[in-house]
1. Of everything in segment 4-39, what is among the basic types (K, R) and more than 18 Å from C98 (Cα to Cα)? Give them in sequence order.
2. So is D97 at pLDDT 90 or above, acidic (D, E) and touching a helix residue (DSSP H, G or I) at 6+ places or on another chain (Cβ under 8 Å) or not?
3. Could you run through segment 197-228 and say how many residues are among the β-branched types (V, I, T) and either at pLDDT below 80 or touching a strand residue (DSSP E or B) at 6+ places or on another chain (Cβ under 6 Å) (or both)?
4. Having 3 or more residues that are open to solvent by 50 Å² or more (accessible area, probe 1.4 Å) is the bar; report the helices (runs of 4 or more DSSP H) wholly within segment 68-162 that clear it.
5. Do the conditions hold for V194, that is, is it part of a helix (DSSP H, G or I), under 17 Å from the mean Cα position of the chain (by Cα) and modelled with pLDDT under 95?
Amino acid sequence: TTGETTGQLDIGRVIQQLFAVLGRNFATFFLLSLILTGIPGVLVGLLQLDVIQHSRLFNWQTGFAGLVAAVAGLVLQGTVIFGTVGDLNGRRVSLADCLSVGLRTFLPLLGIAIMMGVALICGFILLIVPGIMMAVAWCVTVPAYVVEQTEVFGAFTRSADLTRGHRWRIFGLFVVYLVASIVVGAVVGALGGVAGVFGGGSVATLRLVLLQPLISTVSSLIGAVGAAVLYV
């Protein structure tokens with residue numbers, strides 16, 4: 001991406017491009033999400049189920065599996081973002097190239113995630129508004145780092161520059177995403193409740209081992225593609 005975006009951000013176009021990219025790359029991206037977030041999510045769910053069944057508060061295996069899932073999620077972000085930006089610029093990037101970028105960038109992305117998390121927590125403690133402002137300003141930090149190979153701190157500055165003048169619209173996009181997530185969560189919760197009525201004790205297994213990993217897989221995929229589309 002070499003040019004700067006001009007004019008006002010078009011929320012409808014962002015959403016349209018998001019689903020267009022997903023449609024063109026669904027098999028590849030969904031397989032990556034399934035491997036990098038779905039399978040680790042199932043493992044975490046199985047370990048959580050074991051903790052619940054044996055009335056324990058925690059075990060080290062669950063913590064380790066959660067760490068593996070978090071690292072795999074960062075690899076997925078780099079992989080999908082690189083592939084999405086390539087698609088939007090009219091070139092097909094290979095799965096090997098995408099994975100190479102994801103594996104190469106996950107450590108810096110971990111640093112970005114930690115710094116952003118600490119800053120946002122502090123911002124939300126300060127009457128919420130500063131946290132929202134920072135979240136909007138830094139929403140394309142990860143794509144800026146992955147695509148432009150900036151410094152870690154430079155990615156935050158680049159994101160703030162790119163989002164300047166568009167932040168109310170980006171906030172509106174966040175609201176749309178939040179509402180959609182709530183609706184999906186409610187539907188999945190209702191399905192889990194119905195399954196619990198007919199399945200008895202198996203509802204915990206269904207929720208922890210199947211539904212939560214599936215939601216995590218789809219959410220991670222949409223989040224990564226959406227961030228890249230917004231960046232472009």
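1. Scanning segment 4-39 gives a single hit, R13.
2. Considered against the rule, which asks whether it is at pLDDT 90 or above, acidic (D, E) and touching a helix residue (DSSP H, G or I) at 6+ places or on another chain (Cβ under 8 Å), D97 comes out as no.
3. Residues meeting the conditions: 4.
4. 95-125, 129-137
5. Against the criterion (part of a helix (DSSP H, G or I), under 17 Å from the mean Cα position of the chain (by Cα) and modelled with pLDDT under 95), V194 does not qualify.
The values are calculated or read from the model by the stated rules, or taken from the named source; none is laboratory data. No experiment lies behind these values; they were computed from the predicted model shown. Don't worry about glycine lacking a Cβ; one is built from the backbone with ideal geometry, like all the others, and counts go over all protein chains shown. In case anyone asks, the SASA skips ligands and DNA or RNA and just uses the protein heavy atoms, side chains included. Shrake-Rupley method; radii C 1.70, N 1.55, O 1.52, S 1.80 Å.
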